[in-house]
1. Test of understanding: among Asn164, Asn175, which residue is open to solvent by 30 Å² or more (accessible area, probe 1.4 Å) and free of Cβ contacts under 8 Å to residues at least 12 places away in the same chain?
2. Somewhere in the range 140-150, is a residue over 17 Å from Ile190 (Cα atoms) and of a type outside the set (Phe, Trp, Tyr)?
3. Touching a Ser or Thr at 6+ places or on another chain (Cβ under 8 Å) and either over 27 Å from Ser94 (Cβ atoms) or of a type outside the set (Phe, Trp, Tyr) (or both), is that true of Asn163?
4. Would you point out which residue out of Ser103, Ser78, Ser83, Ser120 is open to solvent by 10 Å² or more (accessible area, probe 1.4 Å), farther than 23 Å from Asn163 by Cβ, touching a strand residue (DSSP E or B) at 6+ places or on another chain (Cβ under 8 Å) and of a type in the set (Gly, Ala, Ser)?
5. Taking strands (runs of 3 or more DSSP E) that fall entirely within the range 47-108, which contain at least 3 residues that are closer than 17 Å to Val146 by Cα and modelled with pLDDT under 80?
6. Pick out, from the range 126-194, the strands (runs of 3 or more DSSP E) lying fully within it that include 3 or more residues that are in contact with a strand residue (DSSP E or B) (Cβ under 6 Å, 6 or more places away or on another chain) and among the β-branched types (Val, Ile, Thr).
Amino acid sequence: MVIHGESVYLDSTKYKSLDHVKISSDVKYIEGDLPSFDYDIYVNRIEDWISKDLQNPIFDENTKLYVDNKLAEDIVISEGVESIKGRAFFGCSSLTNIFIPKSVTSIGESFLFNCSGLTSCTIGSGVTSIGQTVFSYCNRLSSITVNATTPPTLGNNVFQSTNNCPIYVPANSVNAYKSASGWSSYSSRIQAIP
């Protein structure tokens with residue numbers, strides 16, 4: 001099935017025998033939900049995917065994301081992207097590593113929520129805000145690296161159930177992070193980038 005149009009409503013009762021969805025780059029807003037069973041999502045470019053407004057998560061534990069017909073495991077977002085919409089990878093179990101460039105200034109809520117295969121994330125130096133529950137329930141994380149020298153504003157429960165992994169920040173900013181609003185509750189995990 002191929003989805004086109006600026007705004008799309010997905011009705012799970014309509015797609016009971018779905019095995020894959022190809023989402024066109026012209027789609028900007030997705031509302032509704034897909035059925036909770038095996039299906040795969042195909043997009044041409046990761047930058048097209050992360051710019052979509054997702055009203056609800058559309059991944060379940062068996063859903064896999066393919067970018068340019070390749071399984072999305074290690075994702076590098078291109079320099080030039082300035083913001084990432086919320087819920088883009090919510091529940092995407094195939095994702096293992098993600099690199100967010102310095103051009104990104106804001107990361108939307110629940111961006112990586114419950115990505116059960118995610119082991120590491122590197123965030124560029126330009127980020128100024130991280131939405132609520134971005135990493136919540138990514139329980140295989142072994143490290144999160146934030147390269148911003150000034151601690152970004154932080155939403156609620158950003159690092160909830162993340163395996164108590166270290167949060168690496170620039171060495172000259174460790175104390176600023178440990179005392180910053182929101183970050184201070186994770187002070188025992190904040191360390192200098194090795």
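1. Only one candidate qualifies: Asn175.
2. Yes, some residue in the range 140-150 is over 17 Å from Ile190 (Cα atoms) and of a type outside the set (Phe, Trp, Tyr).
3. Against the criterion (touching a Ser or Thr at 6+ places or on another chain (Cβ under 8 Å) and either over 27 Å from Ser94 (Cβ atoms) or of a type outside the set (Phe, Trp, Tyr) (or both)), Asn163 qualifies.
4. Ser83
5. Here the list is empty.
6. Qualifying strands (runs of 3 or more DSSP E): 143-146.
The values are calculated or read from the model by the stated rules, or taken from the named source; none is laboratory data. Everything quoted here is computed from the prediction, not taken from an experiment. So basically every Cβ, Gly included, is an ideal-geometry build from the backbone, and we count neighbours across all protein chains shown. Side chains are part of the model used for accessible areas, which takes the heavy atoms of the whole protein and leaves out ligands, DNA and RNA. Shrake-Rupley method; radii C 1.70, N 1.55, O 1.52, S 1.80 Å.
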